[in-house]
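Beneath this line is the structure, given in structure tokens, with notes to follow.
The values are calculated or read from the model by the stated rules, or taken from the named source; none is laboratory data. These figures come from a predicted structure and were not determined experimentally. Because the Cβ atoms are built from the backbone with ideal geometry, glycine has one as well, and the counts that use them run over all protein chains shown. The accessibility values were calculated without ligands, DNA or RNA, using every heavy atom of the protein model including side chains. Shrake-Rupley method; radii C 1.70, N 1.55, O 1.52, S 1.80 Å.
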Amino acid sequence: MENNRIATLTLDDGRSIELPVMSGTLGADVLDLRNLQKLGMYTYDPAFFSTASCASQITYIDGDAGLLYYRGYPIEQLAKGSDFLETCYLLLHGELPTSRQLAEFNLKVKRHSMVHDQLARFYNGFRRDAHPMAVMVGVVGALSAFYHDSLDITNPEHREISALRLIAKVPTIAAMSYKYNIGEPFMFPRNSFSYVENFMYMMFGTPCEEYVPNPKLVRALERIFILHADHEQNASTSTVRLAGSSGANPFACVASGIAALWGPAHGGANEAVLKMLHEIGDISHVDEFMKGVKEKKYRLMGFGHRVYKNMDPRASVMRDTCYEVLQELKLENDPLFKMALQLEQIALQDPYFIERKLYPNVDFYSGIVLRALGIPTNMFTVIFAVGRTIGWISQWNEMIADKEQKIGRPRQLYIGATKRDYVPMQGRDK
Ligand code: CMC
């Protein structure tokens, strides 16, 4: 990070301060504001529109150009050529693995895929109709109660084993939350399957019959996991980093990330897309629905993005996958899918969306693909969480390994009451 350029900030009272300009390897330069507090001032940027919260080597996004790189590799190349565990290795370790490194990593992940038998009892404490994300927040957080042997976050080996445990166990916990919800027995992981096949087996298999994965559908889910694996400093990742900055253990931090992901403006969007399609109900209601969107009565879910103002590169990959899956399952004429594609076409041509740079995001298509795969709507955000776990843990690991890391502590612009004296109850009741 070079910082040989300087910006000077001068206030109307004549005070001034020099702010170094920092350049990364790609992307916009940033002003180093750390010295600003010496003037007794802070910056005000509530939704972090203009604030870089950290320096990171993991993921690069150019929202205007529609670029997403993991460790320098374009997402389209990874979605086409890589598989999810190789992508996990890349995100965690910074380089693509050799065949031997990948085989070892695969083996380690597989060896950690079962959960402690006692953990299964947690599920009984939840109502059967509990939202699976509520179960995920609780059960993933509870992992910290089971793996005391690896909670020294200053020890890189402990961090590595916690990362492996999270990558391996989150799919098992996710599938268990589904099985609990529908009242079917939990399926133990099967190590002869690949990571994604195994997840589908734990979701859809039963002890009564053989489960035979469909390679095209496995590949579609693999793509969903790869596309969702990391997305630099988004809301849930920033939550994981902030929780982790206090020294909290990685299982608790990832649980906090799952909680942040749940919201409809973030990971809940693909679920919201399907809810919206059900509410529209019929292709004949699409025009009226779009009128309401433009009158700002509600939003077109699965459209727009805080960072991508051109095209979400993940959406292009997911769109192709979406068409492949619908074709494979002969669902092209399904009324709900037809309606979704009609919405997409209208929005892509409508000036309201074009002027505001609102394009379909990855969740518009991933919601459709997940439904076609037979995954119920309330599991959509859980699937996102399974894919994003590697991003959270890689970002957490990077932060803890950084010698300059300190507890995160934003400041505020106070706009409440100025000092006033306490009034006893008799004085207030008059
Ligand atoms: N439908 C209709 N209008 C919209 C939409 C939408 N989906 N998104 C933004 N707008 C309008 C908004 O009303 C505003 O209009 P105006 O300029 O006239 O006031 C303008 O576009 C800018 O909106 P904004 O809220 O300032 O944009 P933002 O960058 O803060 O919000 C967003 C980004 C993703 C929260 C928003 O686009 C949205 O709510 N989209 C729907 C939810 C969704 O699909 N979220 C998934 C994001 S991708 C998953 C992930 O990476 O986590």
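General observations
- Reducing region 316-347 and region 133-168 to their Cα centroids gives an inter-centroid distance of 38 Å.
- Against the main long axis of the alpha-carbon atoms of the chain, helix 269-280 sits at an angle near 70°.
- Surface share of carbon and sulfur [accessible, 1.4 angstrom probe, percent] for the chain: 52 percent
- Acute angle (nearest 10 degrees) that the helix 99-111 long axis makes with the longest principal axis of the chain, alpha-carbon atoms: 80 degrees
- Over the chain, DSSP H runs of length four or greater, each weighted -39,500 (n - 2.57), average out per residue to a 222 nm ellipticity of -15000 deg cm²/dmol.
- Computed accessible area, D149, all protein chains, 1.4 angstrom probe, square angstrom: 90 Å²
- If the chain linking F146 and S246 were pulled fully straight, counting 0.36 nm for each residue of separation and taking away their Cα-Cα distance, it would gain 33.9 nm.
- The angle separating the long axis of helix 313-328 from the principal Cα axis of greatest extent in the chain is about 10 degrees.
- The residue among G281, A265, S246 whose Cα reaches farthest toward the positive pole of the charge dipole of the chain, with charges on the beta-carbon of Lys, Arg, Asp and Glu, is S246.
- Cα-Cα separations in region 183-227 greater than 13 Å, expressed as whole percent: 52 percent
- Highest average packing first - 138-144, 72-78, 268-274, 291-297, Cβ atoms within 10 Å: 268-274, 138-144, 72-78, 291-297
- Dipole of the chain, positive direction: furthest Cα of F204, N333, I400, with charges on the beta-carbon: I400
- Separation between Cα centres of region 74-114 and region 357-422, rounded to whole Å: 23 Å
- Packing-based order for 344-350, 86-92, using average beta carbon neighbours within 10 Å, highest first: 86-92, 344-350
- Relative counts (whole %) of C-alpha pair distances in region 87-181, using bins that are 10 Å wide: 15, 42, 30, 12, 1
- Computed E for A265/A134 - FRET, C-beta separation, R0 22 angstrom, nearest 0.05: 0.75
- Rounded to whole Å, sorted largest first: equivalent-ellipsoid semi-axes of region 183-276, Cα gyration tensor: 30, 17, 14
- By the rule of a C-alpha distance below 25 Å, with chain neighbours fewer than 8 residues away ignored, the lysines paired with K297 are K275, K309, K338, K357.
- Equivalent ellipsoid semi-axes, region 262-384, via Cα gyration tensor eigenvalues times 5, rooted, Å: 20, 17, 15
- Placing unit charges on each Cβ (+1 for Lys and Arg, -1 for Asp and Glu) gives the chain a dipole about its Cα centre, and among S177, H148, M187 the Cα reaching farthest toward its positive end belongs to H148.
- A simple packing score, the average count of other Cβ atoms within 10 Å per residue, orders the peptides 329-340, 381-392, 256-267, 406-417 as 381-392, 256-267, 329-340, 406-417, with the highest score first.
- Here the spin labels are modelled as points 7 Å beyond Cα on the Cα-Cβ line, and at K216 and Q77 they lie 2.9 nm apart.
- Placing R0 at 41 angstrom, the Cβ-Cβ distance between L39 and H93 gives a FRET efficiency of 0.50 after rounding to 0.05.
- Here r is the Cβ-Cβ distance between D62 and A120 and R0 is 41 Å; the resulting FRET efficiency, rounded to 0.05, is 0.40.
- Candidate cross-link partners of K169 among the lysines, defined by an alpha-carbon separation under 26 Å and a same-chain spacing of 8 or more, comprise K80, K108, K110, K179, K216.
- Accessible solvent surface per residue of region 224-282, calculated while the other protein chains remain in place, 1.4 angstrom probe, Å²: 29 Å²
- Binned Cα-Cα distances of region 5-71, short to long, each 5 Å bin given as a whole percent: 3, 12, 21, 23, 17, 11, 7, 4, 1, 0
- The distance between label points at K403 and S284 comes to 7.1 nm (points 7 Å beyond Cα on the Cα→Cβ vector).
- Here each label is just a point 7 Å from Cα along the line to Cβ, and for L9 and I415 those points are 2.0 nm apart.
- Rg(Cα) / (2.2 N^0.38 Å) computed for the chain, rounded to two decimals: 1.07
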